Amino acid sequence: LLKPQLNWFVYFSSRMTNLSQTQELFRRAEAVCFDVDSTVIKEEGIDELAKFCGVGDAVTEMTRKAMGGSMTFKKALTERLSIIRCSREQVNKLITDHPPQLTPGVRELVDRLHERKVKVFLISGGFRCIVEHVATQLNIPLHHVYANRLKFYFNGEYAGFDESQPTAESGGKGKVISVLKEQYGFKTVVMIGDGATDLEACPPASAFIGFGGNVVRPQVKERSSWYVTSFGELSKELEKI
């Protein structure tokens, strides 16, 4: 009769241990890597681009499948872009007319990390032209941005995307973190994000923090030892040092 209760106690205790370990790793991180879409910014960049180009519904459903992990990221990216077929002019106009909206609290958190000499990186399956705009708002150096590159013909029409970028594939965010650890000699790197591609970056990330401030993805929430719904929770944790 006691066995189920004992199993629950062991499970709960291990979750609490993992939580405190993750919090400690975050407090002493040398580098913090953020996902961008639905994490640092409120929206999914590719969905906004699709809406802007008049093919929103078809692309939103595919994004949901990609973020849920039910198809490879590269397949989902290829199929979505083949529907959107955005021109360079459309991308530029989107950024001008509908600039990405920062998630409340992220600017303060990044400022606090910078004050503590923590390196901050943006690792996104979205598009570099949009992510660089976000990085500039947060005073993150552009060489700390890892994202996908759209390609255009000389006349500005869509010509595909750079498939050689690690962020174009499932597992790509983990590859970027491995490169960062090797390049900078980081021992403690924390990944923060809302989706399956963020969760799978740990390892090589030392810890993963699930973010549900814009959208809650159940499988990410269930598998995160620390799951937050605001960046204020992370800023507050840094005050403990």
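The values are calculated or read from the model by the stated rules, or taken from the named source; none is laboratory data. A quick note: this is a predicted structure, and the numbers were derived from the prediction, not measured. In this analysis, Cβ positions are derived from the backbone assuming ideal geometry, glycine residues included, and neighbour counts consider all displayed protein chains. Surface accessibility is based on the protein's heavy atoms, side chains included, excluding ligands, DNA and RNA. Shrake-Rupley method; radii C 1.70, N 1.55, O 1.52, S 1.80 Å.
Which FRET efficiency value, to the nearest 0.05, do you get for H133 and T60 by plugging their Cβ-Cβ distance into 1/(1 + (r/R0)^6) with R0 = 25 Å?
0.70
In square angstrom, rounded to the nearest 10, how much accessible surface does Y153 have for a 1.4 Å probe?
Here the accessible area works out near 130 Å².
Please work out the Cα convex hull volume for the chain and give it in Å³ per residue.
Taking the convex hull of the Cα positions in the chain, it is 129 Å³ per residue.
Over every pair of different alpha-carbon atoms in segment 151-203, take the mean of 1/r and invert it; report that Kirkwood radius in Å.
This gives a value of 12.8 Å.
Label-point separation (nm) for K187 and K221, each offset 7 Å from Cα along Cα-to-Cβ?
It works out to 3.6 nm between the two label points.
Sequence gap at least 6, Cα distance under 8 Å: using those rules, report the relative contact order of the chain to the nearest whole percent.
Dividing the mean separation by the residue count of the chain yields 25 percent.
List the relative contact order of segment 186-241 as a percent without decimals, with contacts defined as Cα pairs under 8 Å and 6+ residues apart.
28 percent
Angle check, please: helix 106-115 long axis (alpha carbons) against the longest principal axis of the chain (alpha carbons), in degrees 0 to 90, nearest 10.
70 degrees
With a 1.4 Å probe and all protein chains kept in place, how much accessible area does F186 have, in Å² rounded to the nearest 10?
20 Å²
Order the peptides 217-223, 207-213 from the highest to the lowest mean number of other Cβ atoms within 10 Å of their residues.
The peptides rank, most packed first, as 207-213, 217-223.
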